[in-house]
Structures are given as C-alpha cells and as structure tokens.
Amino acid sequence: MRNLFVTGGAGFIGSAFIRLALEEFSDCRIVNFDALTYAGNLDNLSGIDESRHRFWRGDITDPDAVLAALEAETDAIINFAAESHVDRSIASAHEFLRTNVLGTQVLLDAARERGVHRFVHISTDEVTGSLPEDEEAFFDESSPFAPNSPYAASKAAAEHLVRAAHHTFGLNTVITRCGNNYGPRQFPEKFLPLMLANAMRDEAIPVYGDGRNVRDWIYVDDHCRAILQVMERGRTGETYNIGARNERRNIDVAQSVLKILGKPPSLIKFVKDRLGHDRRYAIDPTKIETELGWRPRETWESGIEKTIRWYAENAEWVESARSGAYREYYARQYGTI
Ligand code: NAD
Ligand code: TDX
C-alpha cells in the first residue's frame, strides 16, 4: 500500500501527479491537502478514482490543520503547494514567504512528528538563477544558489529548510528541480496557457522585452513521472534536476503556437519587460537519467499538440479561470494591450 499526502494537489502539476499516481499504482491512496487559492481548482481532478482520493481543504502554514489531515501511516509527503507565479511575487512577496517558506517548515515538522517515511519537495530551476545566452552552460545539481525573483528566493529558502531537516534530524528527504512545465489545466497567468487562451480568442499575446529569453520546457506528465521515480528510488538527502533538453526562446514559442493555431503573427505584442527577468534556464538532467533511468516520453511537438487540443476542448474551464479576480490581475499586469 502506498499512502501519499499530496499538498497543492488541486493545482496544475499536483493534479497531474495525482492522476498519474492513481493510474500507475493500484495500491495508491492519496490525501490531497490544498487551500484552494486562486490557482487551486477541484475541476482539475474530475474523472479520477474518488475511492482512493480524499480531498482536505487546508493551509500548509497551519500546523493544526496539517496534523489533523496527516495520517500516522503516511508513506510520503509530496509538497507541491506553493505560490508559483513570478510576476505575482514581484507585485507582492508576502504570500510567497508565507506559503513557500513557512508552509514548507510546517510540513517538515509534521512529517517528523508523524514519522512519515519520505518527504519529496518540489522545487524549481529558478533557485539557481539565470544562465548566459548562447553559451553551453547548464544547471546541474551542484550549481550555486542565485535566486533572482522573490518567488525564486522563497523556493531557495524552502530548499534550505528541507536540507536542514535532513541534516539535523535525519528526515528522509528528496528535492526535485524542474523547468517550465506545460500541459492541460495550467492556470492562464503562465505564458503558454495565457498565449493559448488569448490567441484562440484573437486577443493579443503579450511578450516581455525582446522575447529572446530562453526557457527549458517539459510536458507536465513527464515531470510527474520523474517525481514518482524520485519518490520511489531517489537517494535520501539528494536533489534531482528534471528536464527534457528542450530550450526555446519565448518569441519562437509564440510564433510556433500561432502557426499551429492558424493565427497571424500580428497578435504578438511586445510589452514592458518583467523586472529582473532571468535570461535563460537550461537543465542538465544527466543525474536522473543515469541513476534512475528516467526519460521524457513526449517530444515538444507531441506535447504541444496534446496541450492545444485540451485547451480547445475545454473552453469552459478556460473561461471560468479567466473570470472574476483574474480580470483584475490581468488589467493590473498588462493594462490594455
Ligand atoms: P499552481 O499555482 O498551479 O498550484 C499551486 C497549488 O497550491 C494550488 O492548488 C493552490 O491552491 C495550492 N496552495 C497554494 N498555497 C497553499 C497553502 N498555503 N496551503 C495549501 N495549498 C496551497 O502551481 P504549479 O504550477 O502546479 O506548481 C506546483 C509546484 O511545482 C510549486 O511548488 C512550483 O514552485 C513548482 N514548479 C512549478 C513549475 C511550473 O512550470 N509550473 C516548474 C517547476 C517547479
Ligand atoms: O505574459 C507573459 N509574457 C512573457 O513574455 C508571461 C506571463 C511570461 N512571459 C515570459 C516570461 C518568461 O521568460 O515567458 C517566460 C515564461 O514565463 P512564466 O510562464 O511566467 O514562467 P517562468 O517565469 O519562466 O516560471 C515558470 O517556470 C519555473 C513557473 O511559473 C515557475 O513556477 C517555475 O518554478
């Protein structure tokens, strides 16, 4: 029996992970602990096997709530819960420190108190900062910390706390660092779903700065499969980079998506750059490839096709995500473009 405690399981990656874990392991039972912030959506879990999934609404910064939900026989905590959008962290860092830093410590303490066997912490390539353009430099697991946004700084702080819990208390921890995920059910504040939602409605696509910033893209299920392998077989106290060797400039991503959708390149609008905008991320995934034998299954072409199809077929989900508070956020972030 695998008893998992997943935090942030109503978000983009956490919900994909729950789908996959329930599919891959027939003996898997999941408690999904999520505060349902603007980014959490129970519709993301529609169609899963409810008999093996229990949703618990709660905040990871609340120790009593976490302990109430965390069963003693839990095999692993997988911590996805976070404030995850860089632009929002630039507007206000407070929630990022509260959830990403304090919340991680609350979970680490609870894991010790309940004797949880393994703590899997989901981190990001952004903790190691920005790489130079046009150079054969990559992030590996020993790259120095150099977070540049309040979001990245909060994720770096969380990693330090996980490391400390392992070193000081011997907690069985593993950390994963991934790059830019794409796929179904990603909230349309992030570049790719924002682009898809706007282009499908013939609205402008905002591209920051000169559009030459590079991101390393991975299909969300490939990321989740890697997390499952790290959860099962990763070495305690270790960090694993996860990447599909798929670097692309933002402008190229925008142009290729418009081409697939049959929309004109004139929809692209260059807008004011993000403050402190990291130039390039590029992940060296050699460690997870050689130690755990993980490889991505999707190519960029197959992943993008699946993603576009999902957004085309789920207009209701998109409209609901784009309503209410999203409109205020969008107006604040982009004005009228
Ligand atoms: P998301 O914003 O889609 O989802 C976050 C989820 O966490 C939501 O369901 C939200 O309700 C929940 N949450 C937020 N604050 C909470 C709190 N205080 N208590 C309980 N639940 C809370 O994020 P995502 O894109 O799915 O990212 C998941 C994780 O993966 C994050 O830790 C993020 O840093 C990391 N990550 C994301 C990417 C990416 O490209 N999206 C890449 C690398 C790493
Ligand atoms: O409107 C936009 N226009 C634009 O040009 C937005 C929202 C973004 N961009 C650019 C900024 C980045 O160079 O596109 C690139 C991708 O931006 P985001 O989707 O905001 O992702 P990023 O900032 O790269 O961070 C993502 O990857 C690492 C996730 O949001 C993080 O949670 C993850 O840790």
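Only residues that are in a helix (DSSP H, G or I) and acidic (Asp, Glu): list them for region 200-246, please. Give the derivation first.
If we filter region 200-246 for residues that are in a helix (DSSP H, G or I), which is where we start, we get 200, 220-233.
Hits for region 200-246 are Asp221, Asp222, Glu232.
Output the residues belonging to region 107-132 that are near ligand 1 (Cβ under 9 Å from one of its atoms) and of a type in the set (A, V, I, L, M).
Ile122
Condition first: away from ligand 1 (no atom under 12 Å from the Cβ) and within 17 Å of the chain's Cα centre (by Cα). Can you find one or more residues in region 134-144 that meet it?
Within region 134-144 (the criterion being away from ligand 1 (no atom under 12 Å from the Cβ) and within 17 Å of the chain's Cα centre (by Cα)), the answer is no, since none of the residues qualifies.
Before we move on, is Arg98 of a type in the set (Lys, Arg), within 16 Å of ligand 2 (Cβ to nearest atom) and under 20 Å from Tyr151 (Cα atoms)?
Values: of a type in the set (Lys, Arg): yes; within 16 Å of ligand 2 (Cβ to nearest atom): no; under 20 Å from Tyr151 (Cα atoms): yes.
In short, no.
Quick grid of which residues meet (1) touching an Asp or Glu at 6+ places or on another chain (Cβ under 7 Å); (2) among the acidic types (Asp, Glu); (3) open to solvent by 20 Å² or more (accessible area, probe 1.4 Å):
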| site | (1), (2), (3) |
| --- | --- |
| Tyr208 | yes, no, yes |
| Val214 | yes, no, no |
| Trp217 | no, no, no |
| Arg225 | no, no, yes |
| Arg233 | no, no, yes |
| Thr236 | no, no, yes |
| Ile242 | no, no, no |
| Arg245 | no, no, yes |
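Considering only residues of region 19-58 that are part of a helix (DSSP H, G or I) and within 11 Å of ligand 1 (Cβ to nearest atom), which is most open to solvent (accessible area, probe 1.4 Å)?
Leu42
When the residues of region 59-89 are filtered to those that are under 30 Å from Val271 (Cβ atoms) and not small (Gly, Ala, Ser), which remaining residue is nearest to ligand 1 (Cβ to nearest atom)?
Per the criteria, the residue is Phe80.
What number of residues within region 77-98 satisfy the criterion of being surrounded by fewer than 20 Cβ atoms within 10 Å (Cβ to Cβ) and outside any helix (DSSP H, G or I)?
The qualifying residues number 3.
From the residues in region 157-199 that are part of a strand (DSSP E or B), among the polar types (S, T, N, Q) and within 9 Å of ligand 2 (Cβ to nearest atom), which one is surrounded by the most Cβ atoms within 10 Å (Cβ to Cβ)? I'd like the intermediate steps shown before the answer.
From region 157-199, those part of a strand (DSSP E or B) are 173-178, 180-182; that's our starting set.
Still in the running and among the polar types (S, T, N, Q): 173, 176, 180-181.
Next cut, within 9 Å of ligand 2 (Cβ to nearest atom) only: 180-181.
Numbers: Asn180: 21, Asn181: 23.
Checked region 157-199; the qualifying residue surrounded by the most Cβ atoms within 10 Å (Cβ to Cβ) is Asn181.
Contact list please: Cβ distance under 8 Å, first residue in region 314-337 and at pLDDT below 95, second residue small (Gly, Ala, Ser), pairs at least six apart or on different chains.
Ile337/Ala204
Are there any pairs with C-beta distances below 8 angstrom linking a residue in region 237-264 that is within 16 Å of ligand 2 (Cβ to nearest atom) and aromatic (Phe, Trp, Tyr) to a residue that is open to solvent by less than 20 Å² (accessible area, probe 1.4 Å) and not in a helix (DSSP H, G or I), with the two at least 6 apart or on different chains, and if so which?
That search, which allows pairs on different chains as well, returns Tyr240/Val174; Tyr240/Ile175; Tyr240/Thr176; Tyr240/Arg177; Tyr240/Gly234.
Which of the residues spanning region 320-334 are more than 16 Å from ligand 1 (Cβ to nearest atom) and either surrounded by fewer than 13 Cβ atoms within 10 Å (Cβ to Cβ) or more than 17 Å from Val86 (Cα to Cα) (or both)?
Ser323, Arg327, Glu328, Ala331, Arg332
Any idea which of Ala110, Ala153 is within 15 Å of ligand 2 (Cβ to nearest atom) and either more than 22 Å from Val220 (Cα to Cα) or without any contact (Cβ under 8 Å) to a residue 60 or more places away in the chain (or both)?
On the way: Ala110 fails: within 15 Å of ligand 2 (Cβ to nearest atom).
Going through Ala110, Ala153 in turn, just one is within 15 Å of ligand 2 (Cβ to nearest atom) and either more than 22 Å from Val220 (Cα to Cα) or without any contact (Cβ under 8 Å) to a residue 60 or more places away in the chain (or both): Ala153.
Quick one: in region 261-303, which of the residues that are among the polar types (S, T, N, Q) and within 19 Å of Ile175 (Cβ to Cβ) is least open to solvent (accessible area, probe 1.4 Å)?
So the first thing to find is which residues in region 261-303 are among the polar types (S, T, N, Q), and the list is 266, 286, 290, 299, 302.
From the residues that got through so far, the ones that are within 19 Å of Ile175 (Cβ to Cβ) too are 286, 290.
Details: Thr286: 59, Thr290: 106 Å².
Restricting to residues being among the polar types (S, T, N, Q) and within 19 Å of Ile175 (Cβ to Cβ), the top hit is Thr286.
So the check is Cβ under 9 Å with 6+ separation or different chains; which pairs have a first residue in region 87-99 that's among the hydroxyl-bearing types (Ser, Thr, Tyr) and a second one that's part of a helix (DSSP H, G or I) and open to solvent by 60 Å² or more (accessible area, probe 1.4 Å)?
Listed pairs, sorted by first residue: Ser89/Glu95.
Which of the following residues is over 16 Å from Ser154 (Cα atoms) and in the same structural domain as Glu126 (by TED's automatic domain parsing): Ile78, Ile90?
Numbers: Ile90 fails: over 16 Å from Ser154 (Cα atoms).
None of the other options fit; the residue is Ile78.
Only residues in region 4-33 that are closer than 17 Å to Cys178 by Cβ count as the first member; pair them with residues that are among the acidic types (Asp, Glu) and near ligand 1 (Cβ under 9 Å from one of its atoms), Cβ under 9 angstrom, at least 6 apart or cross-chain, and list the lot.
Val6/Asp34; Thr7/Asp34; Gly8/Asp34; Gly9/Asp34; Gly11/Asp34; Gly14/Asp34
I need the full set of residues from region 260-293 which are outside any helix (DSSP H, G or I) and of a type in the set (Ser, Thr, Tyr), in order please.
Across region 260-293, the qualifying residue is only Tyr281.
The values are calculated or read from the model by the stated rules, or taken from the named source; none is laboratory data. Quick caveat: nothing in here was measured; it's all calculated off a predicted structure. Neighbour counts run over all protein chains shown; Cβ positions are idealised from the backbone, glycine included. Surface areas here come from the heavy atoms of the whole protein model, side chains and all, with no ligands, DNA or RNA. Shrake-Rupley method; radii C 1.70, N 1.55, O 1.52, S 1.80 Å.
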